[in-house]
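J.: Here you go, one structure.
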Amino acid sequence: MKDEKHSIEVTVKTTYVPAQSAPESNRYVFAYTITITNAGEIPARLLTRHWVITDANQKTQEVRGEGVVGEQPYLVPGMSFEYTSGTILETPVGIMRGSYQMEADDGTKFDAEIPPFTLSVPRTLH
């Protein structure tokens, strides 16, 4: 059953950053813009993040930390928070997924899933 009171929607846009990448050194830089929307009925604060980043060699990095881009956004119902961050891979293709740990005004702590998304140098995937 879906929890209507505690619902966070996450959308992602990704960009390859050639100016910061060095393919000859296996350095591929990607930026991603994330929009977090409170689709629930109760205000909630983003406390922490957890990322799992996997490159095409199946090398996995896990990243945990407080907030996002130095902030712990507080979202009332219907409000969105957008930020841009980045990651570096050793391969031209990879996948990121994760979750945000949220705390609602009613004291409920819950995870907002970040659906898996692909990082890819243009014209790499067919």
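J.: Among the residues that make up the stretch 49-68, is at least one of them touching an Asp or Glu at 6+ places or on another chain (Cβ under 6 Å), part of a strand (DSSP E or B) and among the aliphatic types (A, V, I, L, M)?
T.: Yes - at least one qualifying residue is present in the stretch 49-68.
J.: Considering only residues that are within 30 Å of residue 3 (Cβ to Cβ), aliphatic (A, V, I, L, M) and surrounded by fewer than 18 Cβ atoms within 10 Å (Cβ to Cβ), which ones fall in the stretch 82-121?
T.: Correct list: 95 only.
J.: Restricting to the stretch 48-70, what's the tally of residues that are polar (S, T, N, Q) and more than 11 Å from residue 96 (Cβ to Cβ)?
T.: The qualifying residues number 3.
J.: Quick one: is residue 42 of a type in the set (A, V, I, L, M) and under 14 Å from the mean Cα position of the chain (by Cα)?
T.: Spelling it out, it is not the case that residue 42 is of a type in the set (A, V, I, L, M) and under 14 Å from the mean Cα position of the chain (by Cα).
J.: Which residue is surrounded by the fewest Cβ atoms within 10 Å (Cβ to Cβ), if the candidates are limited to the stretch 49-81 and must be under 16 Å from the mean Cα position of the chain (by Cα) and either more than 24 Å from residue 118 (Cβ to Cβ) or of a type in the set (Lys, Arg) (or both)?
T.: 70
J.: I'd like the residue in the stretch 84-120 that is among the aliphatic types (A, V, I, L, M) and within 12 Å of residue 34 (Cβ to Cβ) and, out of all such residues, is farthest from the chain's Cα centre (by Cα).
T.: Filtering the stretch 84-120 for residues that are among the aliphatic types (A, V, I, L, M) and within 12 Å of residue 34 (Cβ to Cβ), the one farthest from the chain's Cα centre (by Cα) comes out as 112.
J.: Anything in the stretch 69-95 that is part of a strand (DSSP E or B) and either modelled with pLDDT under 95 or closer than 25 Å to residue 28 by Cβ (or both)? List them, or say none.
T.: 82, 83, 84, 85, 86, 87, 88, 89, 93, 94, 95, listed by residue number.
J.: For the stretch 96-126, how many residues are part of a loop (DSSP other than H, G, I, E, B) and hydroxyl-bearing (Ser, Thr, Tyr)?
T.: The qualifying residues number 2.
The values are calculated or read from the model by the stated rules, or taken from the named source; none is laboratory data. Values in this document were obtained by computation on a predicted structure and should not be read as measured data. Here the Cβ is made from the backbone with ideal geometry for all residues, glycine too, and neighbour counts use every protein chain on show.
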